[in-house]
Amino acid sequence: MLPILITGANGFIGRRLLDDLSSRPHYEVTGCSLHDDLCPRADAYRFLQTDIRDICAVEKLFQEICPAVTIHTAALSATEYCETHRREADRLNIEATAILAACCRQYGSRLIHLSTDFVFDGTATHLYRENDEPQPVNYYGETKLKSERLAASLCPDHAIVRVEVVYGTPLPGQHGNIAQLVANRIRNNEEIFVVSDQLRTPTYVGDVSQGIERLIESPRRGIYHLCGKDEVSIADIAYRVADVLGEGHSLIRPQTTATLPDKTPRPLRTGMSIEKACRELGYRPLSLEEGLRRMFS
Ligand SMILES: NC(=O)c1ccc[n+]([C@@H]2O[C@H](COP(=O)([O-])OP(=O)(O)OC[C@H]3O[C@@H](n4cnc5c(N)ncnc54)[C@H](OP(=O)(O)O)[C@@H]3O)[C@@H](O)[C@H]2O)c1
């Protein structure tokens, strides 16, 4: 049995990984998160409540589990919040990643570190590839880029996984995602404002899990983009959700970035290429329509 540690196991991506990997007979999965288990299934995995900013607590965790693979999803990822709470963002996104990466090296654990399309400035005229120069435009992106560099320098056996606009069904208590938010508002007959000039390659949460499982089984190191294959605007995502639900578009109000009340800088076009992940890992994501159908079926 391969011991696997998942940080941020109460989070949206962490929970999906916890559920998927603990259903495999060959993994022994431990989840850790700041708060206690959101949805306990004691027969399937271990859960250890841990603050990963605390170096002693993380060392204790590694002594106890000796993970062969550590999947690091815990992060402060609310872009607007990071902009105004920089010290808090540094402590979790940068400093805790350094603590984990150092423990991974000491205990011989492979580190799979989650990152974001927001490391890019959104000015490219093509889908971003792994070797394109990052240039974050907001503080969240800056912290994640620093975390990528620390993970790579402190832990030789590392893979950095960039995902973007991850959608799927959240558990109660988890933050929403664009597809869920749009569906909720349409079902409540409420209008929803969505940006029409920010382009993304949205990612079905099950595909993040699928790609990471391939990375667990692969010796490959470096950066991988694991996202969807369709580049669309946020407004397009809303229209597709309405289509899958069999609803009209009348409640969807497209807006441009310039007219948004939130002035946190956001990159315009951050669609990422999955060519490397498909070629080297055999990654095969769903189309946006397939992902939404799976989510709402
Ligand atoms: N979701 C997306 O669309 C998206 C897009 C791009 C990149 N990403 C990246 O993907 C990763 C996962 O994102 P996500 O959306 O799944 O995150 P999330 O739902 O916000 O979950 C993050 C989890 O981190 C845990 N956490 C916070 N502080 C902690 C601490 N001090 N010690 C231990 N755990 C702590 C929280 O646990 P508790 O709930 O127990 O407090 C929370 O559940 C992040 O690295 C993010 O940057 C996500």
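Extending 7 Å from Cα along the Cβ direction at S297 and again at M1 yields two label points whose distance is 3.2 nm. Under the simplified labelling scheme, the Q135-D43 pair shows an inter-label distance of 5.5 nm, with each label point 7 Å from Cα along Cα→Cβ.
Between amide H atoms placed 1.01 Å from N, distances below 5 Å from M272 occur with Y128, T201, all of them 5 or more places distant or on a separate chain. List the DSSP H helices in the chain whose Cα atoms stretch 24 Å or more along the helix axis and whose mean Kyte-Doolittle hydropathy is at least 0.0. Within the chain not a single helix satisfies the rule.
Between the alpha-carbon centres of the stretch 142-176 and the stretch 204-243 there is a gap of 12 Å. For R187 and D262, the FRET efficiency from 1/(1 + (r/R0)^6), where r spans their Cβ atoms and R0 equals 22 Å, is about 0.35. Each residue of the stretch 263-275 was assigned a 3J(HN,Hα) from its phi angle through the Karplus expression (A = 6.51, B = -1.76, C = 1.60, θ = phi - 60°), giving 9, 4, x, 10, x, 7, 10, 10, x, 10, 7, 9, 4 Hz with x at Gly and Pro. Residues whose amide H falls under 5 Å from that of I6, counting only those 5 or more places apart or on a different chain, are T30, G31, C32, I71, with hydrogens built in the peptide plane.
Rounded to the nearest 20 debye, the dipole magnitude of the chain is 320 debye, with +1 charges on Lys and Arg beta carbons, -1 on Asp and Glu beta carbons, and the Cα centre as origin. Segment R284..R86, full-extension length gain: 67.7 nm, with 0.36 nm per residue of separation and the alpha-carbon distance subtracted.
When +1 charges are put on Lys and Arg Cβ atoms and -1 charges on Asp and Glu Cβ atoms, the dipole computed for the stretch 199-297 relative to its Cα centre reaches about 340 debye.
Computed over the chain with a Gaussian network model linking Cα atoms closer than 10 Å, the most mobile of S33, S22, S250 is S250. Estimated from helices alone, the mean residue ellipticity of the chain at 222 nm is -10500 deg cm²/dmol (sum of -39500 (n - 2.57) over DSSP H runs with n ≥ 4, per residue).
Projecting the Cα positions of L92, T116, L18 onto the charge dipole of the stretch 1-125 (unit charges on Cβ atoms of Lys, Arg, Asp and Glu, taken about the Cα centre) puts L18 furthest along the positive direction. Rounded, prolate or oblate, given the Cα gyration tensor of the stretch 196-297, with a/c below 1.5 counting as rounded? It is oblate, given that a/c is not under 1.5 and a/b is not larger than b/c. For D54 and H249, the FRET efficiency from 1/(1 + (r/R0)^6), where r spans their Cβ atoms and R0 equals 45 Å, is about 0.40. Determine which lysines satisfy two conditions relative to K146: a Cα distance under 24 Å, and not lying fewer than 8 residues away in the same chain. Straight-line reach from K146, under 24 Å: K263, K276.
Rule-based calculations on the coordinates, nothing more; no lab input. Since this is a predicted model, take the numbers as computed values, not measurements. Quick reminder, even Gly has a Cβ in these numbers, built from the backbone with ideal geometry, and neighbours come from all protein chains shown.
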